[in-house]
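The structure under discussion appears below in the form of structure tokens.
A short reminder: the numbers here are calculations on the coordinates, not readings from a lab. Since the model is a prediction, treat every value here as computed from it, not as a measurement. Cβ sites come from the backbone with ideal geometry, for glycine too, and all protein chains shown count toward neighbours.
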Amino acid sequence: MEPLSSLHLLTEAVRNAGADIAPTYQEYIQLAFAIATDCGEAGRQDFLALCSLSSKYDHRAAEQLFNNALKTGHNDVHIGTAFHLAELCGVKIEYENPGTVGTVGTEVRPPSGTHTRTRVKEVYSQEKNDFSCEEETSSGSAPLSPLPTFDKNIRWPYPLEHIMSCATSDAQSDVLLLGALNVLGATMGPHVRCAYGGKMVSPCMQTFTSANSASGKGVLSLVRLLVEPFHDEIRKQVAERMVCYQRDKAKYDALGKERAKAEIPTLPPNKMFLISGNNTGTGILQNLMDSDGIGLICESEADTISSAIGSDYGHWSDTLRKAFDHDRVAYNRRTDREYREVKKTYLSVLISGTPSQVKSLIPTAENGLFSRQIFYYMPSIRQWQNQFDRNDRNLEEPFTKMGMEWKEKLKIIYMGGIFTLHLSDGQKEEFNRLFSQLFTRSELTNGSEMSGSVARLAINICRIMEVVAMLRMLESEDIATSPHLSPDPGTSADNLKDHIVSLWNLDITEDDFHAVLSMAECLYRHATHILSFLPATEVTRRGNADRDALVQCMKKRFTRIEFLQKAEEMGIKTATASTWLKRMLKNGLVENMDGKGTYQKP
């Protein structure tokens with residue numbers, strides 16, 4: 001195959017894998033000369049496409065570099081170098097015709113799948129007389145063993161139960177639950193909070209549902225209907241204020257010379273709740289500042305956001321990271337010397353996309369967006385599902401009705417003041433015990449790459465508790481009589497007597513606490529599976545989420561034979577499992593009880 005056709009195949013495979021094959025300047029230069037030497041000007045777009053996967057990508061600089069490579073030339077660097085750089089990132093291409101090879105002997109063929117994920121292979125070292133693990137890639141995104149779903153025996157407060165009843169599978173039920181918690185929590189903004197880590201955190205979450213095409217993730221569009229009435233009410237108020245402004249502005253313009261004595265009408269802020277993901281960095285900040293820092297980005301295709309972030313006028317991923325911590329955001333425009341800021345941000349994000357779109361938005365685990373996301377991976381549909389079994393029911397109608405109900409409930413929340421969730425001492429102890437175990441597991445299976453995700457998953461679990469506790473409290477006809485609510489101890493006696501309370505302490509029931517806490521294990525497993533799609537960073541040899549699944553399957557005390565048998569059942573090679581066990585023993589993550597093959601987890 002001639003060099004340009006080979007380059008096209010390579011570019012397609014690298015983009016599907018989302019790999020940054022030129023992470024340093026030296027590799028960046030090599031890639032430019034390799035393509036320019038064998039493909040000339042015809043290879044320019046492929047070069048730019050390969051470079052664009054880097055977080056450091058600069059379109060103008062890349063264009064200039066390729067121009068210089070065409071002019072100066074470097075005849076000892078050929079297209080095979082590009083294939084070599086791809087292989088170093090785990091992307092290996094082979095021709096369908098095994099008799100044809102690339103310039104460095106690399107067999108090439110078009111990728112058979114749309115996505116690659118990390119797998120582990122065993123390599124025998126004569127020097128160490130032992131097996132070690134190396135990563136390789138395999139087509140497809142499905143894990144070796146099915147990922148867990150949420151407990152279906154839980155009774156969630158209204159309207160969560162009603163929302164989940166519209167699902168046709170366990171995974172779809174989970175996605176609807178997460179989506180509803182996300183959008184309902186987004187509307188609560190600063191009115192609901194919980195003290196965590198010395199800061200007050202509100203229920204503003206960022207959720208990414210990953211699934212292949214036609215897997216059922218489209219139901220998330222229904223969840224958006226829950227907050228559209230709230231958004232429409234805000235936009236109606238903006239329209240009314242604009243009419244008043246235009247009327248006052250017309251009167252002002254008609255004053256002629258008398259305008260010097262009159263006050264110029266002020267343009268009302270362009271408030272909204274639903275913010276478009278196809279936006280610029282400044283546009284997002286303007287939307288947030290006009291809306292007092294509160295908003296929700298809800299997009300069914302992750303590419304909408306990743307394309308906006310990567311555009312010349314995008315670069316608003318920094319805003320997403322700051323919003324997770326409710327940090328201050330600001331911008332300064334030199335043109336008209338305008339400076340604007342908002343002290344606290346309460347931006348939430350709900351998006352869905354294919355596994356390959358994960359890497360478009362989050363190229364590596366080092367990217368701060370990875371640890372801030374709540375991930376859920378939906379399995380592919382393996383059999384045809386009857387779409388005519390709903391008695392011609394239009395699911396948009398009940399969701400729209402629930403949205404109108406929620407708009408009225410929000411008035412109760414906003415008029416009630418501020419609600420602060422307080423966990424009991426026993427609940428705090430159980431919470432810390434669970435996440436301490438998860439933190440140890442994350443170090444065991446993925447080194448430090450998942451540590452940040454576990455820490456931030458704990459924050460997101462607190463946020464979900466806030467939403468569930470509020471929904472449970474709102475089941476009472478009068479919130480003042482709710483057993484889950486009590487006035488803040490600092491409220492004056494006169495205010496209590498007059499029923500004027502603006503600060504409330506909120507409790508969560510034991511059942512609701514354990515229901516939300518049970519989600520942590522599931523969400524952790526889904527996040528580790530998503531991690532397996534991303535290039536390794538600090539840890540050069542890393543297994544995927546199947547390693548964590550194997551460890552979790554074992555009892556507190558187990559034998560080597562049981563460990564290897566379970567690995568075989570999950571499709572993991574014996575040598576790989578044996579290597580993992582040795583590493584765990586060496587790092588003190590398991591203990592050898594009798595020196596003869598009986599182990600215990602700490």
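Per-residue packing, averaged as other Cβ atoms within 10 Å, sorts the ranges 361-371, 414-424 into the order 361-371, 414-424, beginning with the highest.
Of the residues Tyr376, Tyr252, Tyr57, the one with the fewest other Cβ atoms within 10 Å heads the list, and the complete ranking is Tyr252, Tyr57, Tyr376.
Applying 0.36 nm per residue to the separation of Arg321 and Lys257 and subtracting their alpha-carbon distance, the gain on full extension is 18.1 nm. Listed from fewest to most Cβ neighbours within 10 Å, the set Arg525, Arg463, Arg60 follows the order Arg60, Arg525, Arg463.
Give the shape of the range 228-269 as rounded, prolate or oblate, defined through the alpha-carbon gyration tensor: a ≥ b ≥ c are the square roots of its eigenvalues, a/c under 1.5 means rounded, and otherwise the shape is prolate if a/b is larger than b/c and oblate if not. It comes out prolate by the Cα gyration axes. Pairs spanning more than 24 Å between alpha-carbon atoms, out of Lys271/Lys409; Lys56/Lys344; Lys555/Lys596; Lys359/Lys407; Lys343/Lys401: Lys56/Lys344; Lys359/Lys407; Lys343/Lys401. Multiplying the residue separation of Gln600 and Glu430 by 0.36 nm and removing their Cα-Cα distance gives an extension gain of 59.0 nm. Extending 7 Å from Cα along the Cβ direction at Glu443 and again at Asn505 yields two label points whose distance is 3.5 nm. What the Cβ-Cβ distance of Asp151 and Lys343 gives, at R0 = 35 Å and to the nearest 0.05, is a FRET efficiency of 0.35. Amide H to amide H, with H built 1.01 Å from N, Tyr196 comes under 5 Å of Val201, counting only residues 5 or more places away or on other chains. With the simple spin-label model, which puts each label point 7 Å out from Cα in the Cβ direction, the Tyr331 to Gln45 separation comes to 3.1 nm. Amide H contacts of Val329: Val342, each under 5 Å away and 5 or more positions distant or on a separate chain (H built 1.01 Å from N in the peptide plane; Pro and chain starts excluded). What the phi angles of the range 579-584 give under the Karplus curve with 6.51, -1.76 and 1.60, with θ = phi - 60°, is a coupling list of 5, 4, 5, 5, 5, 4 Hz, glycine and proline written as x.
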